[in-house]
Every structure is written in structure tokens, then in C-alpha cells.
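Let me begin by presenting the structure, written as C-alpha cells, before commenting on it.
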Amino acid sequence: RVSFGDRIAAKLGQKVDTRITHAVDGVSLSVAKGEALGLVGESGCGKSTLGRVVAGILAPSAGATSVAGEPVMSGGRKTTTRVQMIFQDPFASLDPRMQVGDTIAEGPLAHGLTTKAQARDYVGKWLTTVGLDPAFASRYPHQFSGGQRQRIAIARALAMQPDMLVCDEPVASLDVSIQAQIINLFLKLRRELNLTMLFISHDLGVVRHLCDRVAIMYLGRIVELGETQAVYAAPQHPYTQALLDSVPKLVLDDGVTTSFKPIAGELPSPLSPPAGCHFHLRCPLAAERCREERPLLREVGAARLSACHFAPFAPA
Ligand code: SF4
Ligand code: MG
């Protein structure tokens, strides 16, 4: 659970409400070694918050996270290097005044993963891994394109030899052609390094390419969880269905297409989520019960969880 009071009010630029808001509430997730789990939802649903908790950047007000049995945080501070995060804007993680080689070497040197004498080779190895020339180490971030900067940010995270990468919309700010290159890089890294990933995205197509399983998030809660192909083929939550319908066209090799239908209504403020099912104001299937009773995430099929009172649904 992650709660915000002032934090969200500050973000809105005014002190609207002093109540505690649960930006992420009652979420329990595990990712297997070598698995990529997608986390999908509209902006403001809490997925970045959850990602930051998993990566040890933000302390939950209740609950805990661990990687390979090791707690990610203790006493409100990150205590492991086993999980690293990659952000949407690679500039956020690259110091403009530092040569990128020094930026990549900084963490590994501090944690004894390399030595001053070997740092040059160590950095070169990770630059090569992400498809860049080791000679780039002496350049500065502004000398690179957006896609190259994201590769550098990935090299920087990998140089910490993490068990897990948390990627928050890592391709969202890139041109479509560059997006495909970075997604292919992630696929290659998964194969070669057996990387475990939590991949946060609002883009269902990107997640379909990259992730074994997908968790769908709405207003701080996971509403559906399952194997990616199975979830897309037969969603077991009306919100997942609405998300899939809202994609103009999922152009995919297996012939699945959807017609464009925006999700009805606005995303309610996380400061005052509706009672009962958080989705009931926008749900075409909402009934009396949905306004009062919170649907719990429960098993509705093989390896499939849904938080809808009326799941399972027959495939369309
Ligand atoms: Fe819709 Fe009710 Fe299911 Fe919520 S519980 S998704 S409102 S049908
Ligand atoms: Mg976000």
C-alpha cells in the first residue's frame, strides 16, 4: 500500500484535500526469475507509483517488497542493488555534465562490481551489450539521440548486475521506429541475460511483444492478471475489455484486431475513488452490488485473476 496526502495535493498545485489517499492499495504481485510482467493502465492509475515501490525509490506506507529473498528497502531506504529502474526520460538518469562512461561506472565502482583500473573495460562491455560503441564512453548525453540515450540508461542499470529491471514507459517518449529498436533490445537482453522485468506501459501493443504476463491496473488496484496472450484474447474484466477496445487498431501478426471505442467517462480522481468497484462509474455491466461491494481479485480461470463480481465471462 502506498498512501499520499500532501504529495498528491502538491502535484495538483493546491491543497484540495488533506485526507490520506491510497495511490496503490492491496496490490500483491510476484514475478518469476526470467519472467517479464507487464503493468498496464491509464496514466494516473498508480502504475508508476507501484514501479517506484518495487524499485525501492518510494517507501510503501504498509507492506514490503523483496527481490531474490532480499528486502528492497529497510528503514525507508533502498538497501539492495538487485533491482534497478529505467525511466521514460533517459535524461532523468543521465547527468548532463558527466561523460556517459563515468555515469555508467559510478554505481558499479561504489558497490565494488568493478575497480578503477577495470572500469573502462567494464563500461565498454555494457555499452556493447546495448548495441553502442565502447568509444562513446567519453561523450556527453547531449551528443546522443533519444534512442541512444535510452540505451545508455539501460547500460547504466545493467552495469549494476540487477536481478530485476523495473522499466517505466521506457519507449513512450521515442519515435515509433526507435521504439521498435529498443523493444528488440529488451527482447535480446531477456534472452541473453535471463532478465526479470516489470514493464510499465500504457501501450498494450508494446506489452504484447515483450511480456509473458500482464497485470491491468485501475485506480490503484490490480483488476486483472494473467498470461498476456490469454488476457488479450479473452479479457476477464470489463476494464481490460475497454482498454483493448480503446486501441485504434492492434496490428498484430495473429490477426487480432479491435475497433476503436474510447473508454466512457473520465478517470475519477484518486483522491476520492468511487466506493465498491472503482470502475463502476464507467462500466457498461455495473449493477447495484458494484456500487457498494468491493470486488476482490480472485481466480477465475487457469492462471487468471479478475476483480469483477461477474467474472468469469465466456470468450466473445
Ligand atoms: Fe463492472 Fe461491477 Fe465488474 Fe466492477 S464489479 S467491473 S462495476 S461489473
Ligand atoms: Mg506514469
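Throughout, read-outs are computed from the coordinates displayed, never taken from laboratory work. Note that the coordinates shown come from a computational prediction; the quantities given were computed from them, not determined experimentally. Quick reminder, even Gly has a Cβ in these numbers, built from the backbone with ideal geometry, and neighbours come from all protein chains shown.
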Given charges at beta-carbon only (K, R positive; D, E negative), |dipole| of the chain in Debye:
540
So, over other residues within a Cβ distance under 11 Å of Ala155, counting Lys, Arg +1 and Asp, Glu -1, the net charge is +4
Taking H placed 1.01 Å from N in the peptide plane, check which residues at least 5 places from Lys261 or on another chain put their amide H under 5 Å from its amide H.
Ser246, Val247
Among 113-123, 165-175, how do they line up from the highest to the lowest mean number of other beta-carbon atoms within 10 Å?
165-175, 113-123
Integer Hz, Karplus 6.51/-1.76/1.60 couplings in order for region 241-247, x for Gly and Pro
4, 5, 4, 5, 5, 7, 7
Once fully extended, how much extra length lies between Ala32 and Ser145, figured as 0.36 nm per residue of separation less the alpha-carbon to alpha-carbon distance?
37.3 nm
When every alpha-carbon pair in the chain is counted, what percent end up more than 26 Å apart?
50
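Considering only DSSP beta bridges with both partners in region 138-267, what is the antiparallel share in %, to the nearest 5?
55
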Angle check, please: helix 146-158 long axis (alpha carbons) against the longest principal axis of the chain (alpha carbons), in degrees 0 to 90, nearest 10.
80
Interchain or long-range residues, amide H under 5 Å from Thr65's placed H
Val72, Met73
Of the lysine pairs in the chain, how many meet both conditions: Cα atoms under 26 Å apart, and a spacing of 8 or more in sequence or different chains?
15
Which of Val72, Ala32, Gln84 sits farthest toward the positive end of the charge dipole of region 29-99, with +1 on the Cβ of Lys and Arg and -1 on the Cβ of Asp and Glu?
Val72
With point charges of +1 on the Cβ of Lys and Arg and -1 on the Cβ of Asp and Glu, referenced to the Cα centre of the chain, which listed residue (Leu58, Ile178, Leu204) lies farthest in the positive direction of the dipole?
Leu58
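For the chain, what does -39500 (n - 2.57) per DSSP helix run (n ≥ 4), summed and divided by total residues, give at 222 nm, in deg cm²/dmol to the nearest 500?
Dividing the helical sum by the residues of the chain leaves -8500 deg cm²/dmol.
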Cα→Cβ-extended label distance, 7 Å offset, between Asp102 and Glu227, nm
5.0
